[in-house]
């Protein structure tokens, strides 16, 4: 059998590892980034919008290098400082209380700010006011700033869904091979922040409903494919998921607490409730396209 390994849902064969070695030998002065681009071009490894998956490919090259399967050039740059969790600078805003009924907020704008000058504002607010802080998303992702008038009141971050998530996979009814082929149709809400001085009843469920009507079209504009299903985690020791329940999300189950890289089959993190919301009625049919 020619299978060498599985990397981020992709099968890497012995022949492909040999092909990588030939590309490295043919370009002895190429950097690691340049080599990843060459591999992506040779394999037609690209996102639906045509952008090369060179960041994923660099991870693959590093995995093969650490396993002794290929030789890589030295990194072009190394930092002398310890690695930091995030380079995002927290942003503090004046804590002007926003209270009263939802109708009193007036017009509420939900702006997609990924790859715009206002993306840094969302990152900074998440870093300062969300209890989990900011973490750079991996893969496809969008970010939203919610304002009432000119005043920020909330933020959303959405990213590619986790590859394996038992409660979700059982709820959808996904066999593994079908899940791998259709996972890009699911978006994961990694952060939802309402700024702490904003105390408006029903605002959270209202924003979740608005996002459900907007997210797929925005995703298709940026990444050239729609979203059919959304999901998120809720820490039951902190929250009861009230706003998700009010917005008609479904609690699909609870995580095992083992994480994606677990090797011990023992919990190593807190358990989370997994909530999901379909963006279209026929989400199962759309997520069951056979590979």
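The values are calculated or read from the model by the stated rules, or taken from the named source; none is laboratory data. If you're wondering where the values come from, they're calculated on a predicted model, not measured in any experiment. Heads up, the Cβs are rebuilt from the backbone with ideal geometry, glycines too, and the neighbour counts pull from every protein chain shown.
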With criteria (1) surrounded by 13 or more Cβ atoms within 10 Å (Cβ to Cβ); (2) out of contact with any helix residue (DSSP H, G or I) (no Cβ under 7 Å at 6 or more places or on another chain); (3) modelled with pLDDT of 90 or more; (4) in the same structural domain as residue 228 (by TED's automatic domain parsing), residue 107 comes up short on (1)
Got at least one residue in segment 141-163 being surrounded by fewer than 21 Cβ atoms within 10 Å (Cβ to Cβ) and more than 23 Å from residue 123 (Cβ to Cβ)? yes
task = For segment 207-222, indicate whether the set of residues that are assigned to a loop (DSSP other than H, G, I, E, B), closer than 25 Å to residue 95 by Cα and touching a residue at least 24 places away in the same chain (Cβ under 8 Å) is non-empty.
result = no
Within segment 30-49, of all residues that are assigned to a loop (DSSP other than H, G, I, E, B) and in contact (Cβ under 8 Å) with a residue 40 or more places away in the chain, the one farthest from residue 141 (Cα to Cα) is 30
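Out of 200, 178, 222, which single residue is under 22 Å from residue 125 (Cα atoms), out of contact with any strand residue (DSSP E or B) (no Cβ under 6 Å at 6 or more places or on another chain) and either assigned by TED's automatic domain parsing to the domain that holds residue 142 or buried (at least 20 other Cβ atoms within 10 Å of the Cβ) (or both)?
Answer to the selection: 200.
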Residue 214 vs (1) surrounded by fewer than 20 Cβ atoms within 10 Å (Cβ to Cβ); (2) under 19 Å from the mean Cα position of the chain (by Cα); (3) over 18 Å from residue 247 (Cα atoms): all pass except (3)
